[in-house]
Amino acid sequence: VSGASHSPGDGSHRTIECVPAEPEPTRERGSWPLLRRPGDLRRELGARRGREGIDDAERALAWPAGFCASPEDRHALLVLLCLSTLTPRRLLGLAAMEGSAASCLEAVRRGRDASVRDQELARSIDPRDMARRLERGGAGLVAVHDPGYPPELLDLFDPPAGLLVRGHPLGLLEPRVAIVGARNCSAAGSEIAASLARALARAGVTVVSGGARGIDAAAHRGALDAGGTTLAVLGSGIDVDYPRGNRVLLAEIAAEGAVVSEYPPGIPAEPFRFPARNRVVAALSVGVVVVEGRTGSGSMITADHALDLGREVFAVPGPITSELGEVPLALIRDGATLLRGPDDLLGDLGLSLPAPGGARSRARGRGGPPAAHLSPGESDRDAGSPPQDLSQVESVVWGALQAPTPPDHIAARTGIGLPEVMSALFQLEVRRLVRAVGGRYERRLGHERG
Amino acid sequence: VYGRVFGVAVVGVRGSVITVEAHVGRGLPSLTLTGLPGAGVQDARERVRPAVESSGLEWPLRRVVVNLSPAGVRKDGPGFDLPIALGVLAAAAQVPAGPLASYAFAGELSLKGELIPVPGVLAVAIAAAEAGIQGVVVPEGNAAEAELVEGLEVVGAPTLRAVVDLLKGLWRPAPLRRPPADGDPGPQAGMDFSDVRGQGVARRALEIAAAGGHNVLMMGPPGAGKTMLARRLSTILPGMTRQEALEVTRLHSVAGVLSGGGLVRARPFRAPHQSVSMPGLLGGGSGFLRPGEVSLAHNGVLFLDEVTEFRRDALEGLRQPLEDGRVVVTRAVGAVEFPARFTLVAAANPCPCGYEGDLRRACRCPPNRADAYRHRLSGPLLDRLDIRLSVPRLSRAELLGSQDGEASAVIRGRVEEARERQRRRMPEAPWRCNAQMPGSVARDVARLTRDAERTLSQAVDGMALSGRGFDRAVRVARTIADLRGHERVEADDMAEALTYRTPWQVGEAAKAG
């Protein structure tokens, strides 16, 4: 059963206590117990993806000690990272034979381990030039064996040989928890992501995400708003702001936390880089929270990697009727930890919100949020209890909002005139108790209002 | 050898009386047209002679010159066939010159000598009356239209022969069949707001739009009922005054879309397709300048379904009519003005796939495409859309649970009252309804109570309401107060107005989430 139950990073959770003691070797595939732990999943997923055949010798393949010792090696590595057909795994194999990065580059230029186009590219790029470009962009290289290289990345089957970093050293941004999800998310999804990120940030956790739109952007934004730190892992070159709409956000992330990428300056965002980026997101985090996602999306890939790496996986359930609920619900069914809100997440991570004023938030130029925002009580109220000090019409309208409802239906159900219902809905909306989505109104969750 | 007849050239919606002179002189048989005839008038050259000969009249086999004066005005349209034929016949002494001078003539001729109806006859009749001419002779099918001008003798003639006999005193037209009192029933015949099930908010918003003349943007997934709602807006607008109806009739007459003749009494509803060209939407075209869809919607509703799919330049061109209530089309030959005061109803899917915000189907648009989609509407155009609402696609259960709506007549009653209140409040103001209040004065004119002010400032703080959004909300709130009969805008009116501002662009919602 080979150590599956004490995987790295799984901080001791209740899930383990609930697992019925069942002799694993005798279990047949397909007859799973109701509750499973991440380790089981990991093996199952590994088998599904054909990873079980990897022998220990190959797994033990490691970067040679002198891989990136000299400045020439570091410059050469920058070139090697540009070559998309020289995958990290191939580079690892090559390094085992050649020793240093500079010799690897020589070997590739002579025609090894990369496509002809990439060999051509390797010959045409001047390593020094690339180094200068990196410097101009205000980014630095952290190569394997460097003190700043996050050792967690070595848990990966194909660890990157180096990471490019814009912003603070990764050692300062710990512990890290990832929040990922659909780019095309719902309004509720992005609010949930932001509130989870705020809670993590206030508890001193760095929020990791992919720098994309939707859930990713909401998570980064939430962390920044709470005066916390956040880390964006790009699927494009370190100086390529993709998507362009997030340029300002990425600049802020670099200023308050860090933006990292496996890819040197100038590498465009291409579809195949995003799944690769997701493995880095998972590896850098002790846990991954999936907020919304459709079957087959990048969120699923990140969660798969997290399971593979023995990271904790959390999922915020969505309605079974929504496509956006597909990934979280599938993960929960497979044993991921269900989150009802930030309190669940902090509790499971063994964290608590610091007392007001004691937050491990950086002193930010524009001043932190008011202390009231930090009070742990913020998230205590659950969605069902009626808010205080509403007018009579407002509380009747609030009471009628059990599900997303068009205002005229509220009017019909309560017998209040439509104009009065509209006015009441405005009052509730401005107090952030409800929101309008596509012509219907729905309640906001208690913890979304921070 | 010389004959003289009055015709009318139509430029824009205005007619101007043209003298058609004919001279029959020595030379080889020919017909020459001078005096800036447009392509349509040039055509008459070949049509007139067969028509004359088919009517049992004689074409002078000599050199014929026809001059249209004043020569500075470009003459266009098929209406010149009849005056040209009569001018030639007068020059050939086949019709008496005396009675000719008391009529203006318009009409197209067939080769057989029949008179065929032409567009723009109302404009012809108005011009003739203004020029002090006693009567007009027009094709039978246009007579009802010309009759709308008071104090003008109208003769509807079936053929060229009949016109000649009229002038000789041998024929009198049968007394005109009076057009039915209702005139053209309009495109909304048989439509009523009570047909719409559910969508109470949209119904209410359209009632407000009708009462204050506000333009509306409706966002919703396919099948939500946006088109059905928009078509019914013109049924709750107040009835047109005779003056308004005449304006509409004249525009429709010039454009040749008048059906059945007589006064247009129903407010127009125009729904051009997305592929409409800029001249098609705004007016113009080469040669004869026709009114565009915005002018055909004058005093009525212009509905742009899938508004984001319209050509950008055409949409931008809407800004002038939305601002001034008219379109000025400028060509080398001069500038022409068409009235175009309409209520704009724009409908759009919330995103390219149409399902953003839908309960059952999630949106699948890449976010950057959704952004690009929304940027197709420019800020200045959005600014003119006071009311923006989401129209949800109702589930079957929601539909079954909905109540039937009120009838259009009931709603129209309230709308007319609200309009009356607006007129009474500001009898001297240059604007006719709340929507036309300039932003700079809206807040003073609207007269907000202290509570309403407080509600408004709540929205400014809590919902990142922009300055323009602010003005829009005040205008809509004023209309809501008028509908409810409130002297001043109360907090409730303001709060309701603030719910009709569903954000369109992502940026607008930035701080709302």
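The values are calculated or read from the model by the stated rules, or taken from the named source; none is laboratory data. Since this is a predicted model, take the numbers as computed values, not measurements. So basically every Cβ, Gly included, is an ideal-geometry build from the backbone, and we count neighbours across all protein chains shown.
With a requirement of 1 or more residues that are modelled with pLDDT of 85 or more, the helices (runs of 4 or more DSSP H) lying completely within the stretch A:324-442 that satisfy it span A:326-333, A:342-348, A:392-400, A:407-414, A:418-430.
Applying the criterion of being out of contact with any Lys or Arg (no Cβ under 6 Å at 6 or more places or on another chain) and surrounded by 20 or more Cβ atoms within 10 Å (Cβ to Cβ) to the residues of the stretch B:98-112, the residue that is modelled with the lowest pLDDT is B:L100.
With the requirement that a residue be over 19 Å from A:L172 (Cα atoms) and within 14 Å of chain B (Cβ to nearest Cβ), what does the stretch A:195-209 give you? Selection gives A:S195 alone. The selection criterion, being modelled with pLDDT of 85 or more and either within 23 Å of B:W431 (Cα to Cα) or among the hydrophobic types (A, V, I, L, M, F, W, C) (or both), does not hold for B:A332. For the structure I just gave you, tell me whether A:G325 is within 14 Å of another protein chain (Cβ to nearest Cβ) and within 19 Å of A:A219 (Cβ to Cβ). Considered against the rule, which asks whether it is within 14 Å of another protein chain (Cβ to nearest Cβ) and within 19 Å of A:A219 (Cβ to Cβ), A:G325 comes out as yes.
Filtered by the rule that a residue be closer than 13 Å to B:P83 by Cα and either of a type in the set (S, T, Y) or surrounded by fewer than 15 Cβ atoms within 10 Å (Cβ to Cβ) (or both), the stretch B:12-52 gives a lone residue, B:T19. Within the option set B:E398, B:E417, being more than 29 Å from A:G325 (Cβ to Cβ) and acidic (D, E) holds for one residue only, B:E417.
Report yes if some residue within the stretch A:240-254 is within 24 Å of A:H75 (Cβ to Cβ) and not in a strand (DSSP E or B); otherwise report no. Yes.
Among the residues of the stretch A:275-310, those identified as assigned to a loop (DSSP other than H, G, I, E, B) and among the polar types (S, T, N, Q) are A:S285, A:T295, A:S297. Every condition in (1) over 24 Å from A:A62 (Cβ atoms); (2) in contact (Cβ under 8 Å) with a residue 24 or more places away in the chain; (3) of a type outside the set (V, I, T); (4) surrounded by fewer than 24 Cβ atoms within 10 Å (Cβ to Cβ) is met by A:G181 except one, and the failing one is (4). Considering only residues in the stretch B:484-497 that are of a type outside the set (D, E) and surrounded by fewer than 24 Cβ atoms within 10 Å (Cβ to Cβ), the one that is farthest from the other protein chains (Cβ to nearest Cβ) turns out to be B:R488.
If you filter the stretch B:396-409 down to residues that are more than 10 Å from chain A (Cβ to nearest Cβ) and of a type outside the set (A, V, I, L, M, F, W, C), you find that the one that is nearest to the chain's Cα centre (by Cα) is B:S408. Total residues in the stretch B:349-386 satisfying the condition of being within 10 Å of chain A (Cβ to nearest Cβ) and without any contact (Cβ under 8 Å) to a residue 12 or more places away in the chain: the figure is 5.
Away from chain B (no Cβ under 14 Å) and modelled with pLDDT of 90 or more: is that true of A:A212 in this structure? Against the criterion (away from chain B (no Cβ under 14 Å) and modelled with pLDDT of 90 or more), A:A212 does not qualify.
Return the pairs, sorted by first residue and then second, in which the second residue is of a type in the set (F, W, Y), the first residue lies in the stretch B:219-232 and is over 10 Å from B:G354 (Cα atoms), the beta carbons are less than 7 Å apart, and the residues are 6+ apart or on different chains. Correct list of pairs: B:A230/B:F303; B:R231/B:F269; B:R232/B:F193. Within the stretch A:165-194, track down each residue that is more than 14 Å from chain B (Cβ to nearest Cβ) and out of contact with any helix residue (DSSP H, G or I) (no Cβ under 7 Å at 6 or more places or on another chain). Answer for the stretch A:165-194, where residues must be more than 14 Å from chain B (Cβ to nearest Cβ) and out of contact with any helix residue (DSSP H, G or I) (no Cβ under 7 Å at 6 or more places or on another chain): A:V165, A:H168, A:P169, A:L170, A:G171, A:L172, A:L173, A:E174, A:P175. The residue that is farthest from B:A255 (Cα to Cα), counting only those in the stretch B:53-82 that are acidic (D, E) and surrounded by fewer than 17 Cβ atoms within 10 Å (Cβ to Cβ), is B:E58. Just one of A:G235, A:G257, A:G227, A:G287 is closer than 21 Å to A:G341 by Cα, small (G, A, S) and within 15 Å of the chain's Cα centre (by Cα); which is it? Only one candidate passes the filter, namely A:G287. Among the residues of the stretch B:368-418, those that are among the small types (G, A, S), surrounded by fewer than 18 Cβ atoms within 10 Å (Cβ to Cβ) and more than 18 Å from B:K226 (Cβ to Cβ) comprise B:A372, B:S378, B:G379, B:A397, B:G401, B:A407, B:A409, B:G413.
Filtering the stretch B:263-283 to residues that are small (G, A, S), without any contact (Cβ under 8 Å) to a residue 60 or more places away in the chain and crowded, with 21+ Cβ neighbours inside 10 Å leaves only B:G283. Output yes when any residue across the stretch B:78-100 is under 16 Å from B:L115 (Cβ atoms), in a loop (DSSP other than H, G, I, E, B) and touching a residue at least 40 places away in the same chain (Cβ under 8 Å), and no when none is. Yes, the conditions are met somewhere in the stretch B:78-100.
Residues considered: B:G72, B:G7. Of these, the only one that is in a loop (DSSP other than H, G, I, E, B) and at negative phi is B:G72.
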